[in-house]
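The next block holds one structure in the form of structure tokens; read it before the comments.
The values are calculated or read from the model by the stated rules, or taken from the named source; none is laboratory data. Just so you know, these numbers come straight off a predicted model, no measurement behind them. Here the Cβ positions follow ideal geometry from the backbone for every residue, glycine too, while neighbour counts run over all protein chains shown. Quick note on the areas: whole protein, heavy atoms, side chains included, nothing else; ligands and nucleic acids left out. Shrake-Rupley method; radii C 1.70, N 1.55, O 1.52, S 1.80 Å.
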Amino acid sequence: FGTIIDKNDTKAFLRSGEKTSDVDFTNEALTQDLLNFGLLRLKREVKNACFLAGHGEYRLDSSEPEGLKQWKDRLARENIQTQEIVFDPEPQVPQTCDVLVIAGPHTNFTTQENDAVQTYLKGGGDALILVENIIVTTPEIPLTAEQKDLNPSLNAILKSWGLRVGSDIVVDVSSHISGDPGTPATRNYMKHSALIKDLDYTFYVRPRSMSTLADRRKDIKLAPFVLSASKKS
């Protein structure tokens with residue numbers, strides 16, 4: 001293993017055997033973390049994260065507050081390549097995808113698209129599914145059918161895996177941010193050290209509840225890693 005800094009002091013080159021990796025610190029200071037990311041690229045196999053597009057999902061290349069550019073850059077440091085895919089003309093998850101990311105769709109999937117995701121999952125594929133509240137209302141003013149279409153639950157996919165996303169908002173009267181019970185704060189974490197190591201309080205803006213289905217398949221194991229501070233009454 002060796003390290004070389006180029007003459008302009010903007011890149012560090014790492015080498016292990018026949019493999020090389022470069023660390024660009026043109027726009028930031030060279031730190032141990034940056035070198036560690038370079039080492040990961042030497043030692044870790046390249047993985048492909050496929051981000052689904054076409055349903056109003058958050059954009060991979062956007063630097064806006066709701067964009068995923070920072071996440072994309074972080075994944076690149078971890079030797080995870082990213083690409084956007086669309087279900088057109090035929091709904092199908094490419095075989096090159098190591099993980100499928102569905103990041104906050106704003107419109108419902110078609111039956112064929114739901115089937116494509118299910119086929120991928122049942123074939124052993126991994127997925128990260130992010131579901132949000134796009135439109136929030138109150139009990140006395142229920143959502144219209146059109147508004148509900150903007151709040152996809154993806155339950156057509158999730159129910160096969162023993163999960164159900166509610167058409168609701170989690171409210172925590174005992175622990176929340178800025179006097180807003182609809183923004184619960186918690187550090188009530190389950191025992192998943194790789195996910196929650198060194199985390200203090202985290203908070204969630206208008207989160208939806210998730211529940212487990214009693215009639216789920218016996219071979220499905222569910223592992224929640226964060227709960228609201230207050231118990232559901």
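Sorted from largest down, give the three principal axis spans of the alpha carbons of the stretch 47-145, whole angstrom values.
48, 32, 23 Å, listed from the longest principal axis down.
Determine the relative contact order of the stretch 92-190: mean sequence separation of Cα pairs under 8 Å and six or more apart, normalised by residue count, in whole percent.
22
Quick check on the chain: helices-only [θ] at 222 nm, where DSSP H runs of length 4 and up contribute -39,500 (n - 2.57) each and the sum goes over total residues. Nearest 500, please.
Estimated from H runs of four or more residues: -5000 deg cm²/dmol.
Extension gain residue 149-residue 201, at 0.36 nm per residue separation less the Cα-Cα distance, in nm?
Taking 0.36 nm per residue and subtracting the Cα distance, the gain is 15.5 nm.
To the nearest 10 Å², what's residue 178's accessible area with a 1.4 Å probe?
120
Averaging sequence separations of C-alpha pairs under 8 Å and six or more residues apart, then dividing by the length of the chain, give the relative contact order as a whole percent.
13
How much of the accessible area of the chain, probe 1.4 Å, is carbon plus sulfur, in whole percent?
Percent of accessible area from carbon and sulfur atoms in the chain: 51.
Efficiency by 1/(1 + (r/R0)^6): what FRET value for residue 122 and residue 31, r their Cβ-Cβ distance, R0 = 35 Å, to the nearest 0.05?
0.25
Starting from the residue with the highest accessible area, list 72, 122 in decreasing order, probe 1.4 Å.
Ranked from most to least accessible, the order is 122, 72.
Label residue 115 and residue 71 with points 7 Å out from Cα along Cα→Cβ: what is the distance between them in nm?
Going from the residue 115 label point to the residue 71 one covers 2.9 nm.
Return the FRET efficiency for the residue pair residue 178, residue 223: r is the Cβ-Cβ distance, R0 is 45 Å, and the value is rounded to the nearest 0.05.
For R0 = 45 Å, the calculated efficiency reads 0.90.
Using heavy-atom solvent-accessible surface (probe 1.4 Å) with all chains present, what is the largest-first order of 210, 190?
210, 190
Quick check: the angle from helix 111-122's long axis to the longest principal axis of the chain, C-alpha only, nearest 10 degrees?
60
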